[in-house]
Amino acid sequence: MNTDPVATHADLQLVTLDVNGEQHDVITEPRRTLVDVLRHELRLTGTHVGCEHGICGACTVLVDERPVRACLMFAAQAEGTCIRTVESLSEDGGGELNDLQRAFTEHHALQCGFCTPGFLMLAEGFLAERPEATKEEIREVVASNLCRCTGYQTIVEAIDACATARRGACAQRCESKEH
Amino acid sequence: MKPAPFQYHRARDVDGAARLLAELGDDAKVIAGGQSLVAMMNYRLARPRHLVDIGGLRELDRMHRDAAGGLHIGALTTHHTVETDPAGVLRAGFEVLKKAMTWIGHLPIRTRGTVGGSMTHGDATAEWCLLAVVLDAEFVARGPQGERTIPAGDFFHGYYTTALDPDEILVEIVFPRPAPHAALTEFAERRGDFALVAAAVDLDVAEGEVRGGRVALGGVAAAAVRVPEAEAVLTGGGSFEACASAAAEAVEPPADASGSTHYRKELVRTLVRRACEEAVSR
Ligand SMILES: Cc1cc2nc3c(=O)[nH]c(=O)nc-3n(C[C@H](O)[C@H](O)[C@H](O)COP(=O)(O)OP(=O)(O)OC[C@H]3O[C@@H](n4cnc5c(N)ncnc54)[C@H](O)[C@@H]3O)c2cc1C
Ligand code: FES
Ligand code: FES
């Protein structure tokens, strides 16, 4: 008897995902979006889900270091990529918050926190690509996600403060190398 | 909502994908970046029984210039790749494309959404469709019967329909000549939304003077359209103001909750003038 669930159920599929540096084999329906697999199969509930049509950004994760909407991607499409979720930010997984997360706390960039994982991953992906981002550029990028609590100003300030601090640390490292 | 069930197929090459589409018939759909299709499936506005994922066909993710200066964009090139232009292929003539990308949705949409997907989706206000129409792009499609080239003028059939057959894959979009004096501008209710009206122009400038040009509009009809009345003003040496007025008079945009016909005609007037001014100052 064939007990392989993938072989016996035409509507099931084996999907291998690389999430936060770990390989996961998931047997699921092809219609599962990436955000649903992350939350329901992998129990990584840090990534939130709001509108399911690309508008709110609560589901934003990094795919190959780029911010994407996890509700607009089927999990099967993410095979062969590196996925990073908000759980990857804190150092040693769940311990210390990273500098971006601390900046959000310090600048009151969250109230209810529903939108926060999306904003964090958006900012993480954006700053990696544009470490020299101006406040105006940050404001424009942040327009991609919705927050019903903060009014955005504090979110922009948190990301800008984190970017400035990272640039400072980087300049310091370069200087100490020169000496 | 959650999408209806379907079977997932991963394409290994273009010909295989086209053959599979032909075999599966009407129930199958291509998926590229999914930024339009997955949203429609989540809404159950689309319920394909089979998805053929072409996302892994890296040979369709590239841009290059030909000997004549023309630009070839593979269908799977993302809006974000065009925006960042890592290889610098858009320099000398295609800066307009780079700049136009900032109007498309937001960064996380642009990292996944593809040029080919935008063209095939065929939204009446999509920036890519407008660029194709104003710059006389050509579409290279491959199906079980082989390859054919479709000029932009014949590609868009109106409201989300194009000349592509259901078993054809769009492989490449060709912009045949550099457009150093082209510009696209638009008005949307919020940053990143689809435009209410979008205008694009491609001016012929010689010795600092405008000798003619092409004018196209999105959001005024079922698909992006050229406006010969406005182009005639440019050829005749008329002002940008006169060109913009001719464009506003020539179209009869449908009214909806976002704006009346009159309001949209006024948007056309303002946007065509702005696009001309931006294009000539390039
Ligand atoms: C929040 C949000 C805002 C947006 N704002 C804008 C905007 O302002 N302007 C704009 O233009 N777009 C906007 N979009 C849409 C976006 O540009 C999409 O990327 C694009 O419309 C579709 O590209 P895709 O690769 O994601 O295609 P998919 O969603 O994968 O496919 C779209 C359609 O094209 C077909 N298809 C795709 N590729 C091919 C191919 N190579 N050959 C044959 N058929 C193919 C599919 O079968 C499907 O019917 C927005 C989307 C979202 C979610
Ligand atoms: S849940 Fe993905 S954008 Fe809203
Ligand atoms: S903190 Fe509540 S939605 Fe942003």
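The values are calculated or read from the model by the stated rules, or taken from the named source; none is laboratory data. Source: prediction; values computed, not measured. In this analysis, Cβ positions are derived from the backbone assuming ideal geometry, glycine residues included, and neighbour counts consider all displayed protein chains. Just so you know, the surface numbers come from the protein's heavy atoms only, side chains and all, with ligands and any DNA or RNA stripped out. Shrake-Rupley method; radii C 1.70, N 1.55, O 1.52, S 1.80 Å.
Of note:
- Count - residues of region A:110-120 that are within 8 Å of ligand 3 (Cβ to nearest atom) and either aliphatic (A, V, I, L, M) or in contact with a Leu (Cβ under 9 Å, 6 or more places away or on another chain) (or both): 4
- Considering A:VAL156, A:VAL141, the condition of being within 16 Å of ligand 2 (Cβ to nearest atom) and either in a helix (DSSP H, G or I) or over 17 Å from A:CYS59 (Cβ atoms) (or both) is satisfied by A:VAL141 alone.
- Residue list for region A:55-68, restricted to those being buried (at least 24 other Cβ atoms within 10 Å of the Cβ) and either in a loop (DSSP other than H, G, I, E, B) or not hydrophobic (A, V, I, L, M, F, W, C) (or both): A:GLY57, A:ALA58, A:CYS59, A:THR60, A:PRO67
- Cβ pairs under 8 Å, 6+ apart, first in region A:132-153 and in contact (Cβ under 8 Å) with a residue 12 or more places away in the chain, second exposed (fewer than 15 other Cβ atoms within 10 Å of the Cβ): A:GLU132/A:ARG167; A:ARG148/A:CYS112; A:CYS149/A:GLN111; A:CYS149/A:CYS112; A:THR150/A:HIS108; A:THR150/A:GLN111
- The strands (runs of 3 or more DSSP E) falling completely within region B:1-68 that include 2 or more residues that are within 10 Å of chain A (Cβ to nearest Cβ) and either open to solvent by 50 Å² or more (accessible area, probe 1.4 Å) or out of contact with any Ser or Thr (no Cβ under 8 Å at 6 or more places or on another chain) (or both) map to B:7-10, B:50-53.
- Any hit, region B:119-129, residues being farther than 21 Å from B:ARG65 by Cβ, touching a Leu at 6+ places or on another chain (Cβ under 8 Å) and open to solvent by 50 Å² or more (accessible area, probe 1.4 Å): yes
Rundown of residues vs (1) within 17 Å of the chain's Cα centre (by Cα); (2) aromatic (Phe, Trp, Tyr); (3) part of a helix (DSSP H, G or I), yes/no style:
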| residue | (1), (2), (3) |
| --- | --- |
| A:PHE104 | yes, yes, yes |
| A:CYS112 | no, no, no |
| A:ALA123 | yes, no, yes |
| A:PHE126 | yes, yes, yes |
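- Any hit, region B:80-103, residues being within 13 Å of chain A (Cβ to nearest Cβ), buried (at least 22 other Cβ atoms within 10 Å of the Cβ) and in a loop (DSSP other than H, G, I, E, B): no
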